[in-house]
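Undergrad: Dumping the structure here so I can ask a few things about it.
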Amino acid sequence: MKRTILLLLLFTCGFLSAQDQDSILVRRLFDEALTSNVAYENLRWLCKNTKGRIAGTPEAASAVEFTRQVMLDMDLDSVYLQELKVKRWVRGKIESARIISSTLGSEDLSITGLGLSVGTSDIGIAGNVIEVQNFEELEQLGEERIKGKIVFFNRPMDPTLLNTFKAYSGAVNQRGRGAIEAAKYGALAAIIRSVTTAIDDHPHTGVMGYEEGIPKIPAVCVSTMGADLLSTWLEKDPDLDLHLISNCSNHPDVTSHNVIGEIRGSTYPDEIITVGGHLDAWDNSEGAHDDGAGCIQSIETLRLYKELGIRPKRTVRAVMFMDEEIAQRGGKKYAELAKINGEKHYVALESDRGGLLPRGFGIGASGERLEKMLALEKYFAPYGITEFRGGGGGVDIGPLREFGTVLISLVPDMQRYFDYHHSPNDTFKQVNIRELQLGSASIASLIYLIDKNDL
């Protein structure tokens with residue numbers, strides 16, 4: 001009996017010792033991240049020198065070379081590029097919208113074209129405006145009421161939803177399909193309320209689409225303040241006109257790249273853990289939160305391991321995905337090459353929700369494996385990071401799901417993210433170094449714990 005108790009005590013002490021060691025290592029990762037400004041300065045350079053780095057632009061090429069060079073300077077085991085073709089869409093130099101009313105006068109609105117939209121002619125287009133909240137209203141109005149007019153989609157994100165990503169999902173279809181649905185009834189163009197929680201004069205862009213057999217009409221977004229103004233004027237003068245000019249255009253595909261740096265695994269080098277963000281950003285912004293922060297946090301994960309002498313069991317890759325905003329070809333190419341090369345992808349984590357205060361992780365595992373990963377929350381609770389839940393992933397790592405890869409998403413505080421998202425307000429000055437680095441340390445710690453404990 002005494003021998004059994006002694007063995008139990010020894011086992012318990014050994015277990016606690018291992019757990020304590022992990023806690024100490026996590027503390028060291030947080031301490032190093034919070035006392036270093038390397039990642040913050042890398043983000044500053046990326047934002048200030050590659051502003052407008054939408055896929056296919058010289059700015060995107062500069063971002064590729066910058067992040068490649070940063071990782072080369074870190075003395076990683078390998079740094080390389082993956083070539084891919086991306087769509088080439090150019091905004092153009094002129095974007096304008098003016099309300100013209102015989103009773104109220106005229107007023108300019110802040111607009112910006114939507115990605116992949118066709119443009120207007122140089123003289124623009126003008127027409128009466130019909131305001132709707134959803135596609136069902138379009139159907140009820142029919143061609144007789146819509147033909148020859150500009151359709152104004154004015155459904156806001158639901159401010160009562162605390163989960164702003166759900167609010168975004170509830171409004172974004174008018175941006176993605178608004179031009180398609182309006183064109184079915186003969187509309188001249190579509191103007192869409194910016195999909196944001198902010199009430200400001202920054203128009204928030206984003207990608208839209210067309211369908212074969214349906215006329216391609218120009219599509220622009222208008223700032224939320226502009227949308228409110230247009231709606232108010234329409235109440236007073238339903239016969240007002242809107243004059244639009246948008247010189248955007250589509251061009252043949254061009255070559256771009258994913259950027260990859262990796263630390264080779266010591267025990268299972270053929271098992272790969274991916275940590276990534278998307279390097280491209282909309283041409284109207286510096287792309288600080290979306291998604292410069294995610295890219296820099298991924299690189300910072302490798303820097304933290306190098307700085308602290310951590311050699312993971314599995315190969316850990318930092319991946320800068322190209323073309324998430326337009327056609328998601330970077331993530332698709334990464335998965336395509338993984339299949340061709342017969343790679344085994346153990347876990348993939350994506351940071352694409354901004355460099356804001358981390359709250360937790362979404363983990364796309366199931367059963368016992370999920371329970372073990374959720375139990376890692378105890379290591380993060382001292383840092384206020386406690387929201388561990390099932391279900392995770394991301395646009396760029398999503399294609400890895402077919403390999404059975406566990407997909408994980410960093411979940412920062414979401415209340416401010418859509419103030420910046422896809423807008424000129426997404427600038428370096430909006431990023432707090434402590435929030436950025438708490439996110440970096442969180443990612444590095446989670447990957448360390450999953451890898452070390454074979455979860």
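Undergrad: Does G148 satisfy the criteria of being in contact with a Ser or Thr (Cβ under 9 Å, 6 or more places away or on another chain) and closer than 20 Å to Y210 by Cβ?
TA: Criteria not met by G148.
Undergrad: Something else now. Given the criteria in the same structural domain as T196 (by TED's automatic domain parsing), surrounded by fewer than 17 Cβ atoms within 10 Å (Cβ to Cβ), in contact (Cβ under 8 Å) with a residue 12 or more places away in the chain and assigned to a helix (DSSP H, G or I), does D228 qualify?
TA: Taking the combined requirement at face value, the residue satisfies it.
Undergrad: What are the residues in region 393-403 that are in contact (Cβ under 8 Å) with a residue 40 or more places away in the chain and either within 17 Å of K48 (Cα to Cα) or surrounded by fewer than 23 Cβ atoms within 10 Å (Cβ to Cβ) (or both), if any?
TA: G393, V395, G398, P399, E402, F403
Undergrad: Return yes when L356 is buried (at least 24 other Cβ atoms within 10 Å of the Cβ), in contact with a Phe, Trp or Tyr (Cβ under 7 Å, 6 or more places away or on another chain) and either assigned by TED's automatic domain parsing to the domain that holds G398 or farther than 25 Å from K85 by Cα (or both) and no when it is not.
TA: yes
Undergrad: If the requirement is being of a type in the set (G, A, S), at pLDDT 95 or above and more than 12 Å from A190 (Cα to Cα), which of these qualifies: S117, S110?
TA: S110
Undergrad: Could you figure out which of (1) closer than 30 Å to I199 by Cα; (2) assigned to a helix (DSSP H, G or I) isn't true of G392?
TA: (2)
Undergrad: Now, a different point. Is it fair to say D201 is part of a loop (DSSP other than H, G, I, E, B) and surrounded by fewer than 19 Cβ atoms within 10 Å (Cβ to Cβ)?
TA: Against the criterion (part of a loop (DSSP other than H, G, I, E, B) and surrounded by fewer than 19 Cβ atoms within 10 Å (Cβ to Cβ)), D201 qualifies.
Undergrad: Need the failing condition index for Y383 against (1) surrounded by 23 or more Cβ atoms within 10 Å (Cβ to Cβ); (2) in contact (Cβ under 8 Å) with a residue 60 or more places away in the chain, just the number.
TA: With respect to (1) surrounded by 23 or more Cβ atoms within 10 Å (Cβ to Cβ); (2) in contact (Cβ under 8 Å) with a residue 60 or more places away in the chain, Y383 is out only on (1).
Each row is one residue, and each column tells you yes or no for (1) among the hydroxyl-bearing types (S, T, Y); (2) under 18 Å from S298 (Cα atoms); (3) in contact (Cβ under 8 Å) with a residue 12 or more places away in the chain.
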| site | (1), (2), (3) |
| --- | --- |
| F321 | no, yes, yes |
| K332 | no, no, yes |
| L349 | no, yes, yes |
| G355 | no, yes, yes |
| G364 | no, no, yes |
| R369 | no, no, yes |
| Y379 | yes, no, yes |
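Undergrad: Of the numbered conditions (1) over 22 Å from H202 (Cα atoms); (2) touching a strand residue (DSSP E or B) at 6+ places or on another chain (Cβ under 8 Å), I111 satisfies every one except a single condition; which is it?
TA: Answer for I111: the failing condition is (1).
Undergrad: Moving on to the next point. Regarding region 243-256, can at least one residue be identified that is surrounded by 24 or more Cβ atoms within 10 Å (Cβ to Cβ), assigned by TED's automatic domain parsing to the domain that holds V316 and more than 25 Å from D122 (Cα to Cα)?
TA: Yes, that holds for at least one residue.
A quick yes/no check of all residues on (1) surrounded by fewer than 19 Cβ atoms within 10 Å (Cβ to Cβ); (2) closer than 18 Å to S96 by Cα; (3) in contact with a Gly (Cβ under 8 Å, 6 or more places away or on another chain):
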| residue | (1), (2), (3) |
| --- | --- |
| F165 | yes, no, no |
| S169 | yes, no, no |
| A182 | no, no, no |
| R193 | no, yes, no |
| G209 | yes, no, yes |
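Undergrad: Can you tell me which residue is farthest from L304 (Cα to Cα) among those in region 30-46 that are in contact (Cβ under 8 Å) with a residue 24 or more places away in the chain and hydroxyl-bearing (S, T, Y)?
TA: It comes out as Y40.
Undergrad: Condition test on E325, is it part of a loop (DSSP other than H, G, I, E, B), over 16 Å from P399 (Cβ atoms) and acidic (D, E)?
TA: Answer is yes for this residue.
Undergrad: Just give me the residues in region 307-329 being under 17 Å from N42 (Cα atoms) and either surrounded by fewer than 24 Cβ atoms within 10 Å (Cβ to Cβ) or not assigned by TED's automatic domain parsing to the domain that holds R44 (or both), in sequence order.
TA: Passing the criteria: only E307.
Undergrad: For region 242-292, which positions are in a loop (DSSP other than H, G, I, E, B), in contact with a Gly (Cβ under 8 Å, 6 or more places away or on another chain) and over 21 Å from L46 (Cα atoms)?
TA: Correct list: N247, C248.
The values are calculated or read from the model by the stated rules, or taken from the named source; none is laboratory data. All values derive from a computational prediction rather than experimental measurement. All Cβ positions, even for glycine, are placed from backbone atoms using ideal geometry, and neighbour counts span all protein chains on display.
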